1. Translational diffusion coefficient, Stokes-Einstein: compute it for segment 16-192 using the Kirkwood radius over C-alpha pairs as Rh, at 37 °C and 0.692 mPa s, and state it as an integer in µm² s⁻¹.
2. If you take every DSSP beta bridge whose two residues both sit in segment 16-192, what share of them, in percent to the nearest 5, is antiparallel?
3. Rounded to the nearest 500 deg cm²/dmol, what is the calculated helix-only ellipticity per residue at 222 nm for the chain, with -39500 (n - 2.57) per DSSP H run of length n ≥ 4?
4. Return, for the Cα atoms of the chain, the radius of gyration and Dmax in Å, separated by a comma.
5. Find how many whole Å separate the alpha carbon centroid of segment 350-372 from the alpha carbon centroid of segment 165-203.
6. Hey, with R₀ at 35 Å, roughly what FRET efficiency would residue 126 and residue 25 work out to, going by the Cβ-Cβ distance, to 0.05?
7. Run the numbers on segment 190-287 and let me know its relative contact order in percent, using alpha-carbon pairs under 8 Å that are six or more apart.
8. Over the chain, what is the percentage of antiparallel beta bridges among all DSSP beta bridges, to the nearest 5?
Ligand code: CTP
């Protein structure tokens, strides 16, 4: 299914979503979901089953969505009295959240005895994707009947978001919680991104490294890891299988990304190198420490009254990017250059010295820890600036650039 991307600064700008609620306590999260989708730029038409209305009122959902809620296929407000056709023809996607066990069973059987299941069945399958956010007790989720129904709706082309794992309203603990509103918003945003890296494997290094001096101290830098994490998210949204090797940072792992945590440059090297050969792309965003103390003190280094720190000897760390770039059958390698001055000059010097096809330059002091950035792409053809934007937007643009270069390299190599 190819879904054109509307031009909007908001990630769901120009999208019209039919949000269907079937019965379940998770309906309380759907109120928040309407707000999240609206804030992301979507218009939201809410449709509720009778069971959903036992948990939350259409009044609440109308107030939040700014549109009358539709609850019946006999809704006389529709001029042609065909709510199921009209709603499903206007929608860019139908999202059922919560999707109860009973509703999944109805979908699996193709039943259509009330408006929500009717419009799911009546939707043009090629144009209007059906997205499901299950919510139910863990025993219901694990029941063979539900397993069968989920397999059937997936085989029929629906997509399933979640469910999550954790405390349940019934007091039990396990799989079956509906994803949080912000998680569902992000799943929807990801769903609409063009799948430019479908079937590709992308490895990313991110964050600073920490070089221990003694059991309580070490040397690190100001890299927050945000750019690398944003690239991991953007690559995953573009359909890639993503592995993120992260130095010490306090950031949530992007959804569906495999994360390997490391501390030191040597650990980053040891984690990346064995994985690198099987990858299509390696993006080295990590601010890897160039040096580490030659010896690690096994006890805390104490003051000795002389007013100076005892002399330390440093040795050079291995260069992760350069080592990956030397592999036979290496992935497409993208380096980063965090500089304080003469960005284009230093980025080009790294392109040559590390023998990689693309280096992305940024000014370290202007970007470390911030949510926005501006990038300079440097390759054999020349330089191209990507204007200041939030790191996720830049990451998506960079992913497009990488996908284009990958495709061009494959054509050239064919
Ligand atoms: N890099 C790496 N391993 C290292 C050092 C750097 O993988 N030991 C990678 C970084 O992740 C980045 C690129 O190489 O993609 C450039 O890193 P940078 O620290 O700017 O360059 P250096 O080679 O360390 O050069 P200098 O410190 O002289 O600027």
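Values quoted throughout were computed directly from the atomic coordinates according to the rules given, and no laboratory measurement underlies them. Owing to the predicted nature of the structure, the values given are computational and were not obtained by experimental measurement. Cβ: placed from backbone, ideal geometry, glycine included. Neighbour counts: every protein chain shown.
1. Values: Rh = 15.9 Å.
Stokes-Einstein gives a translational diffusion coefficient of 206 µm²/s.
2. Numbers: 4 of 21 bridges.
So the antiparallel bridges in segment 16-192 amount to around 20 percent.
3. Values: 14 runs with 143 residues, N = 414.
Mean residue ellipticity, 222 nm, calculated: -10000 deg cm²/dmol.
4. According to the Cα coordinates of the chain, Rg and Dmax are 25.4, 90 Å.
5. 31 Å
6. Details: r = 34 Å, r/R0 = 0.98.
Efficiency, from the Cβ-Cβ distance: 0.55.
7. Values: 212 pairs, mean separation 38.6, N = 98.
It comes to 39 percent, rounded to a whole number.
8. Just about 35 percent of them are antiparallel.
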